[in-house]
Amino acid sequence: MTDLFEVEATTTTSLDMRRLQRQKRRATRRKWTLVVSAVALVLFAVGGSIAWNFVQSFESAESAVAADYEGAGQGVVQVVVEQGDTGADIAQTLYDAGVVASTEAFVIEARNNPESAGITPGYYYMQREMKAEYALLALLDPGNRNELSITIPEGKTLDYYFQAIANLTNATYEDVEAAAENAEALGLPEEAGGNLEGWLFPLTYTFNPDVQPADVLAEMISQTITVLERNDVPQSEWEETLTIASLIEREARLDDDRPMISGVIHNRLDIDMALELDSTVKYLNPTEGVFTTDEDRAIDSEYNTYKYPGLPPGPIAAPGEASIQAAVNPAEHDFLFFVTVNTDTGETLYAETFAEHQENVAVMQAWFRERAEAEESAAEDG
């Protein structure tokens, strides 16, 4: 019995111990559960705070509105978009000039408008206190550019062009002439020998209002080179091509006649026959009318193609692209003579022999007589 109790006593004691151990483990688990839960709550709170702050900042960024004016502006101010300016540079220029209320407003408008990539460098007339949208549209409108424009006609000589450039830039003729002397700085090719005649390409140009004579000259020379390269003229032939083209420019009245007259010039050069062009005599002595005198044709100058065979030393005028193309691609024919028989319509006749040419000259003389008689009759009636 004692052993049984002992056994029973031992068993009871073991159960109590296990029960106590289980209670301790439960208490420990509860304690750690509370700790973990507390930590989780803290972490959740912290995480929630961070997330909330991020959302709040995002919403603030979304809801933030860049400072902007409301209307189309007032007054007039000139702004300059420089070559190489970025959108941010332009925005800062507008802000500094009082055109826009903030750089951000303009940048936002520019990013939302693909056409903003079309803003070109230059001077612009703007208004102060413009809505950024309107400021962008103003920069995209060519009508708001402050530009100087000059139209250079074909067939004129340096004197004409120098005076036109002087008028454009508010400089003197002498200022333009002085600028022309620095041929290397202007980009004039060496084969021109420092002479700009024929190298100022006839075209309409636009410049910023602060343009200088040298800038205009350099641009016109650059355009001539562009046209020569576009027509595949080798650089070694640039000067000769411009010389022939200038003769064509001064002699032809109609585009169809340019390659024909070019063919006559090339045919004469091929057989070492003097060109005998009145245009070269007029270059030396620019008198009124189309006719030259015996005295004119006797002028001792290499530009006088009656007196000296071959081409003159250089161009006698600024040729247009049509004349340059004709110089490069002359018509193929056997004509050695041509004469314009009607200066009103530009009708030109061609001949292979001098006798045929004389007949064409007679047609021209008869037309001039008839015109002179008609003018005289009209003057008497008036």
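The values are calculated or read from the model by the stated rules, or taken from the named source; none is laboratory data. Here the structure is a predicted model, which is why all the values come from computation and not from measurement. Cβ atoms come from the backbone with ideal geometry, glycine included; neighbour counts cover every protein chain shown.
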Taking the residues in segment 67-82 that are surrounded by fewer than 17 Cβ atoms within 10 Å (Cβ to Cβ) and part of a loop (DSSP other than H, G, I, E, B) as candidates, determine which candidate is nearest to the chain's Cα centre (by Cα).
GLU82
Within segment 108-126, how many residues are surrounded by 20 or more Cβ atoms within 10 Å (Cβ to Cβ) and on the phi < 0 side of the Ramachandran plot?
4
Checked against (1) free of Cβ contacts under 8 Å to residues at least 60 places away in the same chain; (2) surrounded by fewer than 18 Cβ atoms within 10 Å (Cβ to Cβ); (3) within 16 Å of VAL290 (Cα to Cα), ALA378 satisfies every condition except (3)
For the condition more than 26 Å from ARG369 (Cβ to Cβ) and in contact with a Ser or Thr (Cβ under 9 Å, 6 or more places away or on another chain), what is the one hit in ALA318, ALA322?
ALA318
Selected residue (criterion: nearest to THR243 (Cα to Cα)) from residues of segment 285-314 that are under 40 Å from the mean Cα position of the chain (by Cα) and of a type in the set (D, E, K, R)
GLU302
Looking at segment 149-157, can you tell me whether even one residue there is at pLDDT 95 or above, touching a Phe, Trp or Tyr at 6+ places or on another chain (Cβ under 9 Å) and surrounded by 20 or more Cβ atoms within 10 Å (Cβ to Cβ)?
no
Right, LEU349: in contact with a strand residue (DSSP E or B) (Cβ under 8 Å, 6 or more places away or on another chain) and not acidic (Asp, Glu) or not?
yes
Could you tell me whether ASP255 is of a type in the set (D, E, K, R) and either touching a helix residue (DSSP H, G or I) at 6+ places or on another chain (Cβ under 8 Å) or modelled with pLDDT under 95 (or both)?
yes
Do we find a residue being within 18 Å of GLY320 (Cα to Cα) and either outside the structural domain of PRO312 (by TED's automatic domain parsing) or crowded, with 20+ Cβ neighbours inside 10 Å (or both) anywhere in segment 172-186?
no
Please name all residue pairs, on different chains or six or more residues apart, with Cβ atoms under 7 Å, provided the first residue is in segment 99-128 and is without any contact (Cβ under 8 Å) to a residue 40 or more places away in the chain and the second residue is loosely packed, with under 14 Cβ neighbours inside 10 Å and in a loop (DSSP other than H, G, I, E, B).
ALA101/ALA67; SER102/ALA67; ALA105/ALA67
